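Each value in this text was obtained by applying a stated rule to the coordinates, not by laboratory testing. Just so we're clear, the structure is a prediction, and the values are computed from it rather than from any experiment. Neighbour counts run over all protein chains shown; Cβ positions are idealised from the backbone, glycine included.
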Amino acid sequence: MHGSTMDTILEISDITKSFGQVAALKGMRLKVRRGRVHTLLGENGAGKSTLMKILAGVHEATSGEISLDGRPYRPTDPRDAAALGLAIVFQELSLCSNLTVAENILATREPRRFGFINDKALITKARAIVADLGLPIDVSEKVGNLSIAQRQLVEIAKGLSHEAKVIILDEPTSSLSDSEAEILFDIIARLKSRGVAVIYISHRMEEIMRLSDDITVIRDGEYVSTHDRDDVTIEALIALMVGRRMDEIYPPPVHEQSASAAPVLSVDRLARDGEFDNISFDVRPGEILGFFGLVGSGRSEVMNALFGMKSAAGTVRFDGQAVRFRSPAEAIARGIGFVTENRKEEGLVLSHSVGWNISMAALSDFTGPLGFTRKRAEREAAATEVGRLAIKTHSLDTPSGSLSGGNQQKIVLAKWLLTRPKVLILDEPTRGVDVGAKFEIYKIIRQLAAEGTAILLISSELPEVLGMSDRVVVMHEGVIGATLSGADLNPETIMAHATGFQS
Amino acid sequence: MTQLSEAQAALMRALKQYGGILLSLVMLCAIFSFLNPRFMSVVNFMNILQQVAVVAIAAFGMTWVILLGEIDLSVGSIIAVAGMVGAQCFAFGLGFAPALVITLLAGALMGMLNGVLTAKLLLPSFIVTVATMGIYRGMVSLPTNGAPAMIENSTWTAIGTESLLGLPVIIWVVAVLFVVNHILLSKTSFGRRAYLTGGNREAAVYSGIKVDRLKITIFMISGVMAAISGVLLSSRLFSAQTNAGMSYELDAIAAAVLGGTSLAGGVGTMVGTLIGALIIGVMNNGMNMLSVPYFYQLIVKGLVILIAVWLDVRAKQAKR
């Protein structure tokens, strides 16, 4: 142990937090030192968010002690936490889009004169904060006009504008591009040099290895271990995090799919004005067809058109027959399933139960002749899926919104499995999902393919596309750059087509 | 043994869900009984049920609409139109059955217009139904130039005045409609789709629920329920009045919200709405019996609604 206790700015000892019967944290501990980046690593549901909410004053610990700068630390709410020197940047955006950047950054702390907000001082102060962080953002712009990435940076500026001794960054790069992430990393370096401690939460292992000084792994609400970055490898961390060794992240195909089978879905010159053009591909039963492209390449738009959400020119053949779906209902009836990109917006009804969400797309299968829901059959089917996909839920009646990201994603998968699709579209199926759940989702995808389901796998993660797909369609600015298979399935070739350097 | 514990569990769930508003209802009854001993009687409770019928039925329809995250402010106007349509049918010499069918169809049609404008033109239902509230209210006066129309069909007027098997017909109507709506909402896939769509419209669309059709159907249900309320009201009054059902939509909304229906959509039950309607009925009746002036009644009603909803919200937060 190098560094004395003098260095310690935040110390958490033996924290326990229970929600009713469920213990979210058991004997959690953490020691964060000045001027260091301390990464907290754990699967979704491991207790990171709960711990952060206790630090932010949103929740109160059931037992245990926290000290900040040598004094007992017990914030009553996030504002109190900020006043005590602990700032937190949440991953969910908490900005008001109708207000300006300056108004958001200094919200509730606006400089006042005679009781009124002093606009000039507000702008000056906000501009100084933004300039200090080196952010390329105009503070008088309305937040609603900014891109998601820019908003994330404003969010960070807001968190950092408090005179904080400890700053918590909860998945700050999840919506940032590489160059924007670099801006953030610069900011973190600057904070470190000022002696600020940073608690960093992320799922991106490369990023963690690059930024962190210390890494603490937690699992199932319990402390596992703390490591110096230089003494540990990514593989070792993953093993600690999931509690087992992962020989392979991408499971191998269950069996070779036959290249001779007739395509279940063929798309010929699909086009939609301003979104995509001349899209042609086909997919056979049991095949995993990857779709790779940079953000804005039109992948999701193509899938929405296939699913009947939007109209498009061109021909789509399903089982050899020309089809034109005017609504998702028609596409589903024919045998298409669609795990959409944003599970909270388009995938789940968060306020409703796990069971209701799972049966949602197959409800007509559980409807009797008079329109009555056959609840017993419905529950049995939902329970089977919960078991098959190993969804961790208290019961079928638990609200889906209370589960972790990985389990929520499995509910969406379960929903589509119940419709027994012939073609399953997966748009970013592992986004915001921890490593353990990722592995399980990959296994499910493989299993589905083995059972003859054709899979369209859209992903921004190159290793995922490479690891899972039989062939890969690379899209660039609304058109197909190339359809690659065999030896062409390598990162260099795919990136060359995705960026348009090669066509 | 398991049967018993299942029943107990169901009871506990019901108490958890409706405990707050049931308590409000019981407290109101206790207060009124204390202030006026005649309040606590079978006769008076029959009275309350009859008085609350018009609002309760409209509130059943309103529950569907609010459950979907929408609102229907034209309900009071539809009540008046329905009475007038019935009266005009009789003026043309039609019998009871065709008059009733035409009246309910008129309700369905008015609801459909609300639904189509909301679903297909993507206008907010608040704006659509503020507009149709005025339009329908104006249309009531068209046939008679604003004068009331007498209804002399004896079957029609019997609905509001006669009894069947010892209970007023009006109570049978409420009971049947309650059961029908309750079953439709809690036991059928149609009801499930309403809950899901109210909870997250986008997710419902992506799961193949025909959201537009659902929305139009539900506004039609609200229209038909309001039309039935109109039939009851006009049968009690022996006439169609141009100002009938004025501001009843607010009572209907209050009943649904008192009963736990969330204005954000996705949450609500017919049982809750019925209890909510009873609270409003008990308040109206109790204060009338105490000869409380009308303007005081308005103030008290507003306060009670605030307190009851607050108690309910607090109880639900405490549960988390």
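Would you mind ranking A:Glu330, A:Glu287, A:Glu206 so that the residue whose beta carbon has the fewest other beta carbons within 10 Å leads the list?
A:Glu206, A:Glu330, A:Glu287
Return the FRET efficiency for the residue pair A:Ala261, A:Thr16: r is the Cβ-Cβ distance, R0 is 60 Å, and the value is rounded to the nearest 0.05.
Using R0 = 60 Å, I get an efficiency of 0.60.
Give me Rg over Rh for the protein assembly as shown, both radii from the alpha carbons and Rh done the Kirkwood way, two decimal places.
When Rh is taken as the Kirkwood radius, the ratio is 1.02.
What does the charge dipole of the stretch A:5-242 about its Cα centre add up to, to the nearest 20 debye, if the Cβ of each Lys and Arg holds +1 and the Cβ of each Asp and Glu holds -1?
The dipole magnitude comes to about 840 debye.
Counting only residues 5 or more places away or on other chains, whose amide H sits under 5 Å from the amide H of A:Ala261 once H atoms are built in the peptide plane?
Under 5 Å from the amide H of A:Ala261: no residue qualifies.
What ranking of B:Cys29, B:Cys89 emerges when the number of other C-beta atoms within 10 Å of each C-beta is taken as an exposure proxy, fewest first?
Neighbour counts put them in this order, fewest first: B:Cys29, B:Cys89.
Which whole number in µm²/s is D for the stretch A:5-242 by Stokes-Einstein, with the Kirkwood Rh taken over Cα pairs at 25 °C and 0.890 mPa s?
Stokes-Einstein gives a translational diffusion coefficient of 133 µm²/s.
When the Karplus curve 6.51 cos²θ - 1.76 cosθ + 1.60 is applied with θ = phi - 60°, which whole-Hz ³J(HN,Hα) does each residue of the stretch B:54-61 get, with x for Gly and Pro?
Running phi through 6.51 cos²θ - 1.76 cosθ + 1.60 with θ = phi - 60° gives 4, 5, 4, 5, 4, 5, 4, x Hz.
Considering only the protein assembly as shown, what is the antiparallel percent among its DSSP beta bridges, to the nearest 5?
Counting only bridges with both partners in the protein assembly as shown, antiparallel ones make up about 55 percent.
What is the set of long-range amide H partners of A:Ser353 at a cut-off below 5 Å, with H atoms built 1.01 Å from backbone N?
The answer is A:Ser400.
Hey, with R₀ at 51 Å, roughly what FRET efficiency would A:Arg109 and A:Asn342 work out to, going by the Cβ-Cβ distance, to 0.05?
About 0.95, to the nearest 0.05.
Pop the C-beta distance of B:Phe45 and A:Arg388 into the FRET formula with R0 = 51 Å and round what comes out to the nearest 0.05.
Efficiency computed from Cβ-Cβ geometry: 0.45.
Within a 10 angstrom radius of the beta carbon, how do A:Leu55, B:Leu250 rank from fewest other beta carbons to most?
B:Leu250, A:Leu55
For the stretch B:28-319, what mean projected area does the convex hull of the alpha carbons give, in nm²?
Averaging across all directions leaves 16.2 nm² for the Cα convex hull.
Would you list which aspartates and glutamates come within 17 Å of A:Lys120, measuring only between C-alpha atoms, while excluding same-chain residues fewer than 8 positions from it?
A:Glu103, A:Glu110, A:Asp138, A:Glu141
What dipole magnitude, in Debye to the nearest 20, does chain A give about its Cα centre under +1 on Lys/Arg Cβ and -1 on Asp/Glu Cβ?
Using only the charged Cβ atoms, the result is roughly 1280 debye.
For the stretch B:59-171, just list the percent of Cα-Cα distances falling in each 10 Å bin from zero outward, please.
13, 38, 31, 16, 2
Cross-link list A:Lys31/A:Lys392; B:Lys120/B:Lys210; A:Lys344/B:Lys215; A:Lys415/B:Lys210: which exceed 20 angstrom alpha carbon to alpha carbon?
As for pairs spanning more than 20 Å Cα to Cα, those are A:Lys31/A:Lys392; A:Lys344/B:Lys215.
Going by amide H atoms built from the backbone, whose H comes under 5 Å of the H on A:Leu10, apart from near neighbours?
Distant-sequence amide H within range of A:Leu10: A:Val32, A:Asp69.
Hey, what do the phi angles of the stretch A:160-169 turn into as Karplus ³J(HN,Hα) couplings, whole Hz, using 6.51/-1.76/1.60 and θ = phi - 60°, x for Gly and Pro?
7, 6, 6, 6, 9, 8, 10, 10, 9, 10
Once fully extended, how much extra length lies between A:Arg204 and A:Leu462, figured as 0.36 nm per residue of separation less the alpha-carbon to alpha-carbon distance?
The span from A:Arg204 to A:Leu462 would gain 91.5 nm if fully extended.
With each label point set 7 Å from Cα along the Cα-Cβ vector, what nm distance links B:Arg314 and B:Leu105?
5.2
For the pairs A:Lys26/A:Lys48; A:Lys53/B:Lys16; A:Lys17/A:Lys438; B:Lys16/B:Lys301; A:Lys310/A:Lys443; A:Lys422/B:Lys187, note any where the Cα-Cα span goes beyond 21 Å.
A:Lys53/B:Lys16; A:Lys17/A:Lys438; B:Lys16/B:Lys301; A:Lys310/A:Lys443; A:Lys422/B:Lys187
Starting at the first residue of the stretch B:186-191, write each ³J(HN,Hα) from the Karplus equation 6.51 cos²θ - 1.76 cosθ + 1.60 with θ = phi - 60°, in whole Hz, x for Gly and Pro.
Once θ is set to phi - 60°, the couplings for the stretch B:186-191 become 9, 10, 10, 6, 4, x Hz.
Considering only A:Leu413, B:Ser74, B:Ala87, whose Cα is most displaced toward the positive end of the charge dipole of the protein assembly as shown, charges sitting on Cβ of Lys, Arg (+1) and Asp, Glu (-1)?
The residue sitting most towards the positive pole is B:Ala87.
Counting Lys and Arg as +1 and Asp and Glu as -1, each charge on the Cβ, what is the dipole of the stretch B:28-319 about the Cα centre in debye, to the nearest 20?
Here the stretch B:28-319 has a charge dipole of around 620 debye.
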